[in-house]
Amino acid sequence: MRYTTAGESHGRALVAIVTGVPFGLPVDIELINADLARRQLGYGRGGRMAIETDRATILSGVRFGVTIGSPIALTIGNRDWDNWTDVMATVGEKQTTSRVVAPRPGHADLAGVQKTGSEDVRDILERASARETAARVAAGGVAKAFLRSVGVTVVSYVTAIGDVVADTAAIARADEGAADESEVSCPDSAASERMKRAIDEAREAGESLGGVFVVTATGLVPGLGTYAEARRRLDARLAAAVMSIPAIKGFEVGDGFALAGAPGSMAHDEILFERGRGFVRPTNHAGGLEGGMTNGEPLVLRAAMKPIPTLMTPLASVDLDTLEPIDASRERSDVCAVPAAAVVAEAEVAFVLARAYLGKFGSDSMGDILHARDAYLERLRRADR
């Protein structure tokens with residue numbers, strides 16, 4: 001199962017095409033739209049989110065709510081397109097008055113024009129914009145639907161925004177769904193309020209803030225991925241997927257970098273055996289991955305997002321025409337989009353896990369896939385007796 005997206009930030013629409021989807025998978029468009037809404041919400045989002053109300057339309061590959069084994073095409077209209085028809089027209093003469101010549105530090109702007117030879121940063125920024133991730137979330141809804149069918153749940157929550165860090169114990173004590181009730185997707189209610197204040201202060205200063213989020217997946221069978229080939233190791237694929245999200249600069253599995261400072265006896269998860277449960281781990285420092293494979297424990301991934309590069313108090317740049325100093329360009333932007341990035345990461349993680357299941361249990365029909373999975377689990381249960 002793979003996806004391809006098309007579309008620009010201020011173009012007519014975003015498009016996602018998902019291939020490799022098995023026959024017989026129930027797909028609920030309202031669950032996809034709910035994730036699109038989650039991506040738009042969050043304290044610190046900008047004016048664009050007040051314009052767009054993202055809803056996906058399925059164009060192909062689904063009949064009466066169930067997949068038919070052909071590619072699935074989804075589209076999300078850009079309501080703001082009406083205000084950009086002169087700048088983003090697909091035909092006609094290009095208007096030189098709309099050129100952008102002040103690349104933003106931290107964005108794809110300068111490297112993009114150097115790579116392509118374009119004289120207009122907008123040729124680059126329209127596609128490099130994180131607006132594209134709405135299409136990823138829509139596509140990820142198909143992967144999530146598959147995972148639900150095999151008993152896997154993927155969720156996310158925020159642990160830090162700027163220098164405000166949530167309390168680990170408070171997160172552990174939080175009720176299920178606490179992150180959904182927080183405007184910053186943080187299960188620690190006290191930290192949530194401090195995060196909102198930090199965002200307010202950044203907005204007043206013309207600044208932006210990054211942060212850290214966690215994605216977890218529960219219900220995974222052991223043995224997804226492989227130890228035998230580097231490119232097929234599940235941790236490698238997950239890292240590539242999450243790092244593909246704009247502004248993500250760090251990635252960890254389990255306790256990640258903290259393990260580098262721990263002795264081996266405190267870094268690894270002891271293996272125990274319990275009748276009726278099989279192999280169990282009292283800890284999960286590994287984050288559910290060992291040797292490039294799932295080990296049956298919850299998958300725990302952590303990612304760091306840098307501050308958004310578009311600043312209302314812009315940094316220094318250089319005019320591409322005159323080579324003279326100039327303030328970096330400003331596009332309508334967010335102060336903080338860490339909760340939104342976490343939703344995008346759910347979609348990316350879901351695709352990697354869905355591909356791993358399809359690689360292990362087949363990819364043609366949901367009936368055959370579920371039968372193969374059940375046979376695998378029965379073999380593991382027999383070995384555990």
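The values are calculated or read from the model by the stated rules, or taken from the named source; none is laboratory data. As the structure is a computational prediction, the values presented were derived from the model and not from experiment. Counting neighbours? That spans all protein chains shown, and the Cβs are built from the backbone with ideal geometry, glycine included.
Take the conditions surrounded by fewer than 21 Cβ atoms within 10 Å (Cβ to Cβ), charged (D, E, K, R) and part of a helix (DSSP H, G or I) and apply them to Glu378. Does it pass? Walk me through it before giving the result.
Working: surrounded by fewer than 21 Cβ atoms within 10 Å (Cβ to Cβ): yes; charged (D, E, K, R): yes; part of a helix (DSSP H, G or I): yes.
So Glu378 fits the description; yes.
How many residues, within segment 236-292, are among the small types (Gly, Ala, Ser), modelled with pLDDT of 95 or more, more than 30 Å from Glu132 (Cα to Cα) and touching a helix residue (DSSP H, G or I) at 6+ places or on another chain (Cβ under 7 Å)?
Count: 1.
Per-residue answers, yes or no, for (1) in contact (Cβ under 8 Å) with a residue 12 or more places away in the chain; (2) farther than 30 Å from Ser70 by Cβ; (3) surrounded by 14 or more Cβ atoms within 10 Å (Cβ to Cβ):
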| residue | (1), (2), (3) |
| --- | --- |
| Ala198 | yes, yes, yes |
| Ala202 | yes, yes, yes |
| Gly206 | yes, yes, no |
| Gly211 | yes, yes, yes |
| Gly223 | yes, no, yes |
| Leu238 | yes, no, yes |
| Lys249 | yes, yes, no |
| Val253 | yes, yes, yes |
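What helices (runs of 4 or more DSSP H), lying completely within segment 129-183, carry at least 2 residues that are under 30 Å from Tyr376 (Cα atoms)?
133-149
Can you find, within segment 105-128, the residue that is surrounded by the fewest Cβ atoms within 10 Å (Cβ to Cβ) among those that are assigned to a loop (DSSP other than H, G, I, E, B), touching a helix residue (DSSP H, G or I) at 6+ places or on another chain (Cβ under 8 Å) and touching a residue at least 40 places away in the same chain (Cβ under 8 Å)?
Selected residue: Glu119.
Can you name every residue in segment 274-331 that is under 19 Å from Thr216 (Cβ atoms) and basic (Lys, Arg)?
Arg281, Arg302
Only one of these conditions is not met by Ala172: (1) farther than 22 Å from Val137 by Cα; (2) at pLDDT 95 or above; (3) surrounded by fewer than 14 Cβ atoms within 10 Å (Cβ to Cβ). Which number is it?
The single condition Ala172 does not satisfy is (2).
Have a look at Ala354, Ala340, Ala350 and point out the one that is crowded, with 18+ Cβ neighbours inside 10 Å, at pLDDT 95 or above, assigned to a helix (DSSP H, G or I) and in contact with a Ser or Thr (Cβ under 9 Å, 6 or more places away or on another chain).
One residue alone meets the criteria, Ala340.
Return yes when Thr19 is closer than 20 Å to Ala350 by Cα and surrounded by 17 or more Cβ atoms within 10 Å (Cβ to Cβ) and no when it is not.
no
Of the numbered conditions (1) in a loop (DSSP other than H, G, I, E, B); (2) charged (D, E, K, R); (3) over 25 Å from the mean Cα position of the chain (by Cα), Asp82 satisfies every one except a single condition; which is it?
All conditions are met except number (1).
Is it fair to say Ala202 is outside any loop (DSSP other than H, G, I, E, B) and within 21 Å of the chain's Cα centre (by Cα)? Don't jump to the end; show me each part of the working.
On the way: outside any loop (DSSP other than H, G, I, E, B): yes; within 21 Å of the chain's Cα centre (by Cα): no.
Taking the combined requirement at face value, the residue does not satisfy it.
List every residue pair whose Cβ atoms sit under 6 Å apart, with the two residues 6 or more apart in sequence or on different chains, where the first one lies in segment 70-83 and is within 22 Å of Ala34 (Cβ to Cβ) and the second, anywhere, is of a type outside the set (A, V, I, L, M) and surrounded by fewer than 16 Cβ atoms within 10 Å (Cβ to Cβ).
Ala73/Ser60; Thr75/Thr57
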